[in-house]
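Here is the structure we will look at, set down as structure tokens.
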Amino acid sequence: MKILVVEDETAIADFVQRGLEAEGYTVACAYDGDEGERQALGDSVDLVVLDLMLPGKDGLTVLRSIRDEKPALPVIVLTARDAVEDKVSGLDTGATDYVTKPFAFDELTARIRAHLRRPSNGETTSLEAAGIHMNLLTREVTLEGTAVHLSTREFDLLAYFMRHPGQVLSREQILSAVWGYDFDPGTNVVEVYVGYLRRKLATDANPAPIETLRSVGYRLAAR
Ligand code: CA
């Protein structure tokens, strides 16, 4: 099992690396966002520990690149305690979990063990709900067996719904998860893209399975 640690504070990176190696993991370190992104996307990595405040590309940018290329790779984000409130919504961008600094090593390893055990590391590469099948690697989508062609953003939006079937998702949650937490909250992109998806996911027999709950949000319903 190989873990990539992306952290510019060398004292923390060394501490985490030594501890994880003592637990039997293979560990690589990257000390800035660009190098972290390169290693995360390029090498065979089983899990990434990612600091958010990094020189070069910031952690959330790196996280988005990882999610685009490797949707199933577990990423545990490190974040400063006082920044948690602000970041939590941003973490919907695709962090598997997060640990606040300063953290106890045991806390980090417990999370790492939990996420490496999950079938999602490298094996769950598809999502299935409401008659829709999404292949996260090839980005192919079928609806009741028929191919549906989606843009990148439509795909990401649908994947977010598919990860939370039956759950009511607020416009703000969707916006931060799919467009990024710093996106203009006054925008109507969520409404617009839900509209695009509905048109593509409706069949002669059935409307698209995305319900609007007025003034609350949206929900992927079972077909
Ligand atoms: Ca840092």
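Quick notes on this one:
- Extension gain, residue 203 to residue 15, is 62.2 nm, computed as 0.36 nm per intervening residue step minus the present C-alpha separation.
- For residue 97, nonlocal amide neighbours, meaning residues 5 or more places apart or on other chains whose placed amide H falls under 5 Å from its own, are 75, 77.
- Across the stretch 1-74, Cα pairs under 8 Å and at least six residues apart give a relative contact order of 36 percent.
- By definition, a body whose alpha carbon gyration tensor gives a ≥ b ≥ c is rounded when a/c is under 1.5, and the stretch 2-120 falls into this rounded group.
- For residue 80, residues with placed amide H under 5 Å, excluding near neighbours: 101
- J(HN,Hα) series, the stretch 189-202, from Karplus relation 6.51 cos²θ - 1.76 cosθ + 1.60, nearest Hz, glycine and proline x: 4, 4, 4, 4, 6, 4, x, 4, 4, 4, 5, 7, 9, 8
- Segment residue 53-residue 107, length gained on full extension (0.36 nm per residue, minus Cα span): 17.4 nm
- Nearest-0.05 FRET efficiency for residue 23 and residue 213, computed from C-beta distance (R0 41 Å): 0.35
- Nitroxide proxy distance, nm - points 7 Å out along Cα→Cβ at residue 38 and residue 170: 4.1
- Remark: the stretch 47-56, residue by residue, has Karplus-estimated 3J(HN,Hα) of 7, 10, 9, 10, 6, 7, 8, 9, x, x Hz, where x stands for each Gly or Pro and the curve is 6.51 cos²θ - 1.76 cosθ + 1.60 at θ = phi - 60°.
- Rounded if a/c under 1.5, otherwise prolate or oblate - the stretch 126-220, Cα gyration tensor axes: prolate
Readers should treat all values here as calculations from the given coordinates under stated rules, not as data from a laboratory. Small disclaimer: the values here were computed from a predicted structure and weren't measured. Don't worry about glycine lacking a Cβ; one is built from the backbone with ideal geometry, like all the others, and counts go over all protein chains shown.
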